[in-house]
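First comes the structure, then the notes that go with it.
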Amino acid sequence: MNESNQNPLGINPPERGAIENRNRQAYDWMVQSKHFLTQPVSSEELANPLATLDAKGWLGGNIRNWNVLCLAAGGGRQGPLYRAAGAHVTVLDISPAMLELDRQVSGHLGFNYQIVQGDMADLSMFANDAFDLVAHPVSTCYVPNLEPVLAEVARVLRPGGLYVSQHKQPMNLQASLELVHGKYVVETPVGQPAKPLSLGRSSLLREPETIEFAHSLEAILGGICRAGMNIEAVSEPDHANRQSEPGSMGHRSCYIRPYLRIKARKHPNTENIRKILLS
């Protein structure tokens with residue numbers, strides 16, 4: 001049985017709610033403390049929004065008039081960038097504080113886009129086939145099961161629509177942040193919550209006070225396929241720097257690429273594909 005079809009933690013709905021609340025509160029706190037991950041878009045980035053968003057050229061150079069869902073992407077960055085590129089934008093996030101940043105930034109810039117508080121695993125407020133693109137920055141690590149998230153993404157995408165997502169690599173969340181006897185060592189079993197930051201410790205590779213799950217590649221890549229989407233491209237953003245101090249993001253990235261970026265397209269006949277893959 002694959003990881004996406006089992007419940008390795010035995011997590012029941014109340015526990016899922018506690019995880020959701022913990023991560024929501026963590027991001028609300030990060031906004032209040034001006035954590036670097038909650039910094040809104042800059043004027044330099046807005047000057048050429050697609051260059052900022054799409055260095056690989058996966059979006060084809062023009063998204064004007066596309067309907068774009070920025071999923072779990074509050075914070076006043078993704079929404080303004082996609083709006084500046086000419087798209088009709090909806091931003092959904094679980095954190096009220098992150099969405100307040102979107103309201104502030106959109107108001108300042110005179111941008112008009114939809115801002116919705118919600119859970120990435122429940123997009124019931126949106127119709128089937130509603131979006132040309134679902135843009136999903138790093139956040140799948142915050143849910144214990146990817147299957148409902150990916151099923152909802154596929155449902156709200158139009159046939160032929162794109163799902164561009166970034167995920168934490170499994171080993172990024174499984175391995176130690178610091179050297180142990182001169183090596184980075186595996187600490188966390190696949191599918192389990194990553195070891196939290198030690199008291200007083202900060203890291204570019206962990207968000208403070210959050211609960212993050214080390215999903216397998218099968219759960220991420222296989223899950224996208226089972227949801228009825230075809231993977232067209234994969235990249236591993238390079239953050240390696242051999243001159244960096246041991247234990248830093250740059251040094252660790254020489255051995256463990258931290259992120260996985262994926263371009264997938266909804267198959268025109270998603271329901272039949274899902275039945276075949278799940279049979």
Please go through (1) free of Cβ contacts under 8 Å to residues at least 24 places away in the same chain; (2) more than 27 Å from residue 265 (Cα to Cα); (3) within 19 Å of the chain's Cα centre (by Cα) for residue 206 and return the number of the only condition it doesn't satisfy.
(1)
Show the residue pairs that are 6+ apart or on different chains and have beta-carbon atoms under 7 Å apart, the first residue being within region 188-199 and charged (D, E, K, R), the second being at pLDDT 95 or above and in a loop (DSSP other than H, G, I, E, B).
195/187; 195/188
Looking only at residues in region 66-95 that are assigned to a helix (DSSP H, G or I) and of a type in the set (A, V, I, L, M, F, W, C), which one is farthest from residue 135 (Cα to Cα)?
84
Only one of 143, 105 is over 25 Å from residue 268 (Cβ atoms), modelled with pLDDT of 95 or more, more than 16 Å from the chain's Cα centre (by Cα) and not acidic (Asp, Glu); which?
105
Top-ranked residue in region 38-60 [being among the hydrophobic types (A, V, I, L, M, F, W, C) and in a loop (DSSP other than H, G, I, E, B); ranked as modelled with the lowest pLDDT]:
55
Looking only at helices (runs of 4 or more DSSP H) that fall completely inside region 145-251, which ones have 3 or more residues that are of a type in the set (D, E, K, R) and crowded, with 16+ Cβ neighbours inside 10 Å?
147-156
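Those residues that are aliphatic (A, V, I, L, M), touching a residue at least 12 places away in the same chain (Cβ under 8 Å) and part of a loop (DSSP other than H, G, I, E, B), I need them from region 107-144; list them, please.
Across region 107-144, the qualifying residues are 120, 121, 123, 127, 130, 138, 143.
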Among the candidates 128, 62, residue that is surrounded by fewer than 22 Cβ atoms within 10 Å (Cβ to Cβ), among the polar types (S, T, N, Q), within 21 Å of residue 234 (Cα to Cα) and out of contact with any Asp or Glu (no Cβ under 6 Å at 6 or more places or on another chain):
62
Within region 61-87, track down each residue that is in contact with a strand residue (DSSP E or B) (Cβ under 8 Å, 6 or more places away or on another chain) and either modelled with pLDDT under 95 or closer than 27 Å to residue 143 by Cα (or both).
67, 68, 69, 70, 71, 72, 73, 74, 75, 78, 79, 82
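Can you tell me which of 87, 73 is of a type in the set (Gly, Ala, Ser), in contact (Cβ under 8 Å) with a residue 24 or more places away in the chain and out of contact with any Gly (no Cβ under 8 Å at 6 or more places or on another chain)?
Details: 73 fails: out of contact with any Gly (no Cβ under 8 Å at 6 or more places or on another chain).
Answer to the selection: 87.
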Being within 18 Å of residue 259 (Cα to Cα) and buried (at least 17 other Cβ atoms within 10 Å of the Cβ) is the requirement here; does residue 133 meet it?
no
Conditions first: (1) under 30 Å from residue 22 (Cα atoms); (2) not in a helix (DSSP H, G or I). Residue 63 passes all but one, so which condition is the exception?
(1)
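The values are calculated or read from the model by the stated rules, or taken from the named source; none is laboratory data. Here the structure is a predicted model, which is why all the values come from computation and not from measurement. All Cβ positions, even for glycine, are placed from backbone atoms using ideal geometry, and neighbour counts span all protein chains on display.
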